[in-house]
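What follows draws every value from the coordinates through simple rules; no lab data is involved. Computed from a predicted structure; not experimentally measured. With ideal geometry, Cβ positions are generated from the backbone for all residues, glycine too; neighbour counts draw on all protein chains shown.
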Amino acid sequence: MNKGLNRFAILVACATFFLIIAGALVTSNDAGLATEDWPLSNGQFFPEMVGNLFWEHGHRMVATTVGMLTIALLIYILAKEKRQWVRRLGVVALLAVIAQGLLGGLTVKWMLPLPVSTAHATLAQLFFCITVSIAVFTSRSWMEARPLPEDKGTLPLRYLCTTALVTIFLQLIIGATLRHSATWDQHLPTELILAHIGGALAVTVALGSTAMNVLLRYKGHSFLTRPARLALVLLVVQLLLGVAAYLTRLASPNDPQPLNPMISITVAHVACGALVFVTTIVLTLRTYRVLPATGAAMDLAARPQES
Amino acid sequence: MNKQTKVWLVISIALSVVLAAACGGGATNTTNAPANTESAGATAYSGSTGSVTGVISFNGAAPASRKIDTSADPACGQKSPNLTADDIVVKDGKLANTFVYVKEGTVEGGKKITDYAWSTPTTAVNLDQNGCQYKPHVLGVQVNQKLSVTNSDPTQHNVHPTPKLNPEWNQTQANGAPPIEKTFARPEVLIPVKCNQHPWMKAYVGVMRHPFFAVSGEDGTFEIKGLPPGNYTVVAWKEGGANGTEKNMQVTVPANGSAKADFAFGEGATTSLNPSLKMMPALEIPLRH
């Protein structure tokens with residue numbers, strides 16, 4: 001285990017989280033088209049950052065920094081990491097950040113078409129997931145984790161975690177579509193709001209039951225209970241932020257410009273959604289790391305009856 | 001070629017395609033098809049004309065003016081320290097910035113007004129960015145008539161119409177930059193124009209096939225001149241809500257005379273037949289009743 005590599009991976013993950021916040025600020029301020037240019041802003045590397053150009057060009061600067069950090073991370077991984085699959089993940093991270101930059105350019109050049117903007121927002125979450133995963137894989141706790149003898153539940157925990165993860169990811173896609181389907185001065189489409197509320201219920205059930213299962217089955221195993229507890233707390237915060245975001249967004253078309261608290265609450269909702277996603281990623285990866293594929297009941301069913 | 005080389009080749013090609021698409025632009029929703037489709041053989045109208053005049057009233061208390069926070073761009077704050085939203089301008093119960101236009105109608109003699117050819121003016125209509133607001137807030141142009149957008153502010157703007165029937169465009173305009181001149185090929189009532197640099201800045205452009213439109217002044221009055229005598233549906237459009245609110249009225253325009261068309265918006269206004277639900281192409285799709 002290389003402590004420096006792990007710390008650098010954590011740095012890249014934190015920078016990516018900051019980038020997600022910067023991107024959410026662009027959307028909430030309706031700043032995505034503050035300049036017609038890409039990759040330059042109004043033909044300049046450093047334009048005067050006034051008005052909404054502050055958010056759009058600021059986002060590009062943070063994105064450039066994250067891109068550089070990702071390149072450095074890949075070099076660091078190739079130099080220090082022996083595991084072939086981690087090295088490949090470093091390459092995937094670089095490809096993802098390049099694709100993300102190109103999607104950002106496309107969405108500006110094509111004036112925010114919904115599929116491209118949604119893909120840009122979704123890939124941002126996936127890239128965050130990759131950087132967090134690299135941080136997990138290079139951590140001491142990952143290296144030193146020892147397999148637990150068996151999954152104590154009837155349903156294998158890794159399947160529960162995977163289900164929660166997929167549900168959250170689908171919810172993120174719906175959320176991204178909802179956010180990019182109308183600017184602050186327009187009302188959000190009702191059908192997408194209902195889909196997002198339905199998704200919130202599904203995530204609550206999937207993640208709530210998964211985290212509770214972890215807490216009940218593996219008391220004392222902080223390797224699993226810590227992300228489970230954090231996921232539960234974040235889930236509650238995210239639900240409250242979701243209600244607040246809906247209420248402030250409902251009122252924003254009557255405002256003469258994007259205003260707080262709508263901006264800060266919608267951005268916080270995006271950021272907290274990202275944290276729920278990556279916390280579930282950590283929980284899922286750790287589950288796969290220490291638990292067997294089958295649950296206790298499945299083991300029993302599969303075991304031949306002793307006479 | 002081994003498997004690894006093939007994988008890298010595929011990835012490289014995919015990235016190149018995406019990069020080429022990004023650099024090449026390729027706006028969606030674009031069309032160059034001429035849409036000012038004056039029917040073949042349509043003739044210009046020659047004969048006596050009349051006019052439609054009226055007043056746009058606003059019933060009830062006028063909405064309180066809402067101050068704009070210009071702190072994001074000091075140049076706006078310096079030029080317009082007390083900037084307020086310009087979406088509803090009411091003075092003495094009269095409503096400004098209402099777009100009034102002839103939607104459809106029959107000229108004396110039985111021909112539809114759309115059966116005539118209406119020439120496109122050669123003069124451009126100006127839309128100025130002044131004090132970090134679009135001036136005028138509502139304006140009309142004819143199909144293929146030049147719209148000239150200027151910037152009188154000591155800061156940069158970006159001009160971004162978001163039509164549904166015409167191609168969308170977004171163009172940055174620095175202080176002192178030459179005017180941006182554009183035309184719209186299809187009738188559309190009305191096209192919102194925004195500035196993504198300053199999100200409070202909005203204007204609306206009505207694109208008409210004919211010249212029979214007007215915008216109410218601060219005293220709420222308007223006049224549509226040069227209309228052939230006949231029976232017409234006159235529509236008044238006011239900003240607000242998702243797509244604005246429309247009210248319509250039937251009028252009979254006499255030769256060398258004037259028809260009256262007063263509209264009222266606000267609380268308890270009953271002139272309306274119904275509010276419009278969608279952006280509609282002028283003279284092409286009837287309002288739903």
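Of note:
- When chain A is treated as a Gaussian network with alpha carbon springs shorter than 10 Å, the biggest mean-square fluctuation among A:119, A:164, A:13 belongs to A:119.
- Here residue B:146 is the anchor, and the aspartates and glutamates within straight C-alpha reach of less than 20 Å, apart from those fewer than 8 places off in the same chain, are B:38, B:128, B:168, B:181, B:188.
- The packing ranking of peptides B:248-254, A:80-86, highest mean first, is B:248-254, A:80-86, where packing means the average number of other beta carbon atoms within 10 angstrom of each residue.
- In terms of its alpha-carbon gyration tensor, the range A:147-307 comes out prolate; a/c meets the 1.5 threshold, and the first ratio a/b outweighs b/c.
- Helix axis angle, A:114-137 relative to chain A longest principal axis, alpha carbon, degrees: 40
- Look at the stretch A:96-103: the mean tally of other chain Cβ atoms within 10 Å of its residues' Cβ atoms is 2.
- Signed unit charges on C-beta, dipole axis of the protein assembly as shown, positive-most listed residue A:78, A:15, B:141: A:78
- Top positive-direction residue, dipole computed over the protein assembly as shown with Cβ charges, set A:26, B:107, B:57: A:26
- Straight-line cross-link partners of residue B:91 among the lysines, defined as a Cα under 23 Å from its Cα and at least 8 positions apart when in the same chain: B:67, B:135, B:202, B:238, B:247, B:260.
- Based on every Cα atom in the protein assembly as shown, Rg and the maximum pairwise Cα distance Dmax equal 29.7, 111 Å.
- Span per principal axis, largest first, for the Cα atoms of chain A (Å): 78, 47, 27
- Shielding of A:105-112 by partner chains, average beta-carbon count, 10 Å: 6
- D by Stokes-Einstein for the range A:1-144, Kirkwood Rh over Cα pairs, 20 °C, 1.002 mPa s: 136 µm²/s.
- Candidates A:145, A:274, A:63, ranked by Gaussian network fluctuation over chain A, Cα under 10 Å, top entry: A:145
- Positive-end residue, the protein assembly as shown charge dipole about Cα centroid, Cβ charges, pick of B:161, B:252, B:217: B:161
- Dipole in debye (nearest 20) - the protein assembly as shown, about Cα centre, beta carbon charges: Lys, Arg +1; Asp, Glu -1: 2580
- Global form of the range B:37-152, assessed from the alpha-carbon gyration tensor, a/c cut-off 1.5: oblate
- Partners for residue A:3 among lysines (Cα-Cα distance below 23 Å; same-chain residues under 8 apart left out): A:80, A:82
- Helix axis angle, A:262-290 relative to chain A longest principal axis, alpha carbon, degrees: 20
- Residue-wise HN-Hα coupling along the range B:249-265, computed from phi with Karplus coefficients 6.51, -1.76, 1.60 (Hz; x: Gly, Pro): 8, 8, 9, 10, 9, x, 5, 6, x, 9, 9, 9, 9, 8, 10, 9, 10
- Pairwise label distance in nanometres, residue A:250 with residue A:215, each label 7 Å out on the Cα-Cβ vector: 2.9
- Trypsin sites (Lys or Arg not before Pro) restricted to the range B:151-213 and DSSP loop, no more than 16 other C-beta within 10 Å: B:164
- Counting beta carbons within 10 Å around each of B:201, A:1, A:49, A:143 and listing the fewest first gives the order A:143, A:1, A:49, B:201.
- Think of each Lys and Arg Cβ as +1 and each Asp and Glu Cβ as -1; about the Cα centre, that makes the dipole of the range A:1-78 roughly 560 debye.
- With a 10 Å cut-off around each Cβ of A:254-266, the average count of Cβ atoms from other chains is 3.
- Cβ-placed point charges (K, R +1; D, E -1), dipole of chain A about Cα centre in debye, nearest 20: 1460
- Derived from the Cα gyration tensor, the three semi-axes of the equivalent ellipsoid of the range B:45-253 are 32, 21, 13 Å, largest first.
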